[in-house]
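Undergrad: This is the structure I want to talk about, given as structure tokens.
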Amino acid sequence: MKSMLICEGSTDSVLIQYFMRNTYQWEDTRESFLISKKFKTFRVLKKEERLLCIGGSGGASRILEKFGYMLELNSLAADEEEYNKIVILTDRDEVDTEAEFCTKIRDMMSERHVQTQQEIKNNEWIHCHMQNGQKKEITVDILLLVIPFEETGAMETFLLKAIAENDPYDAQLICQSNQFVESVDPKKRYLNKRRYITKAKFDVFFSVRTAAEQFVERQNILRSVPWEKYQKIQECFKKFADL
């Protein structure tokens, strides 16, 4: 069985890879897929006879484009070559409204002749039917996961809140880091978009949190933190156990 998880970019991609390896015991594999060229970042994990591809779309605005590509790929696939499960992972900072995003997913499915009797909802698997390249009916399960579920914010904001709730000292450090970012560029010469401010808060905290290791890349910073120990993350990603 093959699954595809589509996310925004490198931060989300590395987090999910690390979480799946440490929480659900998936393993890295060097298997190569031609579809990797369609994604900004791409990694394949393996567990028993199952494969999980994790693709960073290169920006939130390109997530639906990649979703459409995966549906098209299924419509051209030979028997047993289709992707059985497709996950769309995004955050509330990057969608206008959840309802509008669900409508766009529904429209994309309709264009690709993907049928379902279920309503598209956040954090719910949708069981769908479509035809493959040999005109045989196949099934594909689709999961929309908008993080965080109950408030506006980006993945980075969600992660910082999870850490803050787990450790009072880190919570104070996060608070001070946030205050610094809010005041450091009063003319908004560099931090002139909300997304930039969000990412800066995330980076400033981890620059302090992992200074002893001298990590300079976000990927290394993410790998240094035991995300699987944080209860809130486990709750939000519990549907990944179905992959």
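The values are calculated or read from the model by the stated rules, or taken from the named source; none is laboratory data. A quick note: this is a predicted structure, and the numbers were derived from the prediction, not measured. Neighbour counts are summed over all protein chains in view; Cβ atoms, including those assigned to glycine, are modelled from backbone coordinates with ideal geometry. What goes into the accessible areas is simple: the full protein's heavy atoms, side chains included, and nothing from ligands, DNA or RNA. Shrake-Rupley method; radii C 1.70, N 1.55, O 1.52, S 1.80 Å.
Undergrad: Just to be sure, is GLU31 in contact with a strand residue (DSSP E or B) (Cβ under 9 Å, 6 or more places away or on another chain) and either loosely packed, with under 14 Cβ neighbours inside 10 Å or assigned to a loop (DSSP other than H, G, I, E, B) (or both)?
TA: yes
Undergrad: Also: What is the residue count in region 162-177 for residues that are out of contact with any Phe, Trp or Tyr (no Cβ under 6 Å at 6 or more places or on another chain), buried (at least 16 other Cβ atoms within 10 Å of the Cβ) and in contact (Cβ under 8 Å) with a residue 24 or more places away in the chain?
TA: Selection size over region 162-177: 3.
Undergrad: Further question on the same structure: Is one or more of the residues making up region 87-99 in contact with a strand residue (DSSP E or B) (Cβ under 6 Å, 6 or more places away or on another chain) and at pLDDT 95 or above?
TA: Yes, because at least one residue in region 87-99 is in contact with a strand residue (DSSP E or B) (Cβ under 6 Å, 6 or more places away or on another chain) and at pLDDT 95 or above.
Undergrad: Could you tell me which numbered condition GLU151 fails, if it satisfies all but one of (1) modelled with pLDDT under 85; (2) in a helix (DSSP H, G or I)?
TA: Looking at each condition in turn, GLU151 falls short on (2).
Undergrad: Here is a follow-up. Within region 73-97, can you find the residues that are in a helix (DSSP H, G or I) and either within 13 Å of the chain's Cα centre (by Cα) or in contact (Cβ under 8 Å) with a residue 60 or more places away in the chain (or both)?
TA: Correct list: ASN74, ARG92, ASP93, GLU94.
Undergrad: Can I ask one more? Does THR23 satisfy the criteria of being farther than 16 Å from TYR83 by Cβ, modelled with pLDDT of 90 or more, open to solvent by 10 Å² or more (accessible area, probe 1.4 Å) and among the polar types (S, T, N, Q)?
TA: no
Undergrad: For region 202-230, what are the residues that are farther than 17 Å from GLU8 by Cβ and modelled with pLDDT of 75 or more?
TA: Of everything in region 202-230, those that are farther than 17 Å from GLU8 by Cβ and modelled with pLDDT of 75 or more turn out to be VAL204, PHE205, PHE206, SER207, VAL208, ARG209, THR210.
Undergrad: Can you tell me how many residues in region 45-72 are free of Cβ contacts under 8 Å to residues at least 40 places away in the same chain and within 14 Å of the chain's Cα centre (by Cα)?
TA: 2
Undergrad: Being open to solvent by less than 70 Å² (accessible area, probe 1.4 Å) and not in a helix (DSSP H, G or I) narrows it down to one residue among MET70, MET130; which is it?
TA: So the residue among MET70, MET130 that is open to solvent by less than 70 Å² (accessible area, probe 1.4 Å) and not in a helix (DSSP H, G or I) is MET130.
Undergrad: I need every pair where a residue in region 13-32 that is in contact (Cβ under 8 Å) with a residue 24 or more places away in the chain has its Cβ under 7 Å from the Cβ of a residue that is polar (S, T, N, Q), sequence separation at least 6 or different chains.
TA: Matching pairs, first to second residue: SER13/THR41; VAL14/GLN219; THR23/GLN234.
Undergrad: Is one or more of the residues making up region 129-140 within 25 Å of MET20 (Cβ to Cβ), within 21 Å of the chain's Cα centre (by Cα) and modelled with pLDDT under 95?
TA: No.
Undergrad: I've got another one for you. Which residues, taken from region 49-67, are surrounded by fewer than 21 Cβ atoms within 10 Å (Cβ to Cβ) and closer than 21 Å to THR103 by Cα?
TA: GLY59, ALA60, SER61, ARG62, LEU64, GLU65 - these are the residues of region 49-67 that are surrounded by fewer than 21 Cβ atoms within 10 Å (Cβ to Cβ) and closer than 21 Å to THR103 by Cα.
Undergrad: Something else now. Output the residues belonging to region 178-198 that are part of a helix (DSSP H, G or I), open to solvent by less than 40 Å² (accessible area, probe 1.4 Å) and without any contact (Cβ under 8 Å) to a residue 60 or more places away in the chain.
TA: VAL181, ILE197
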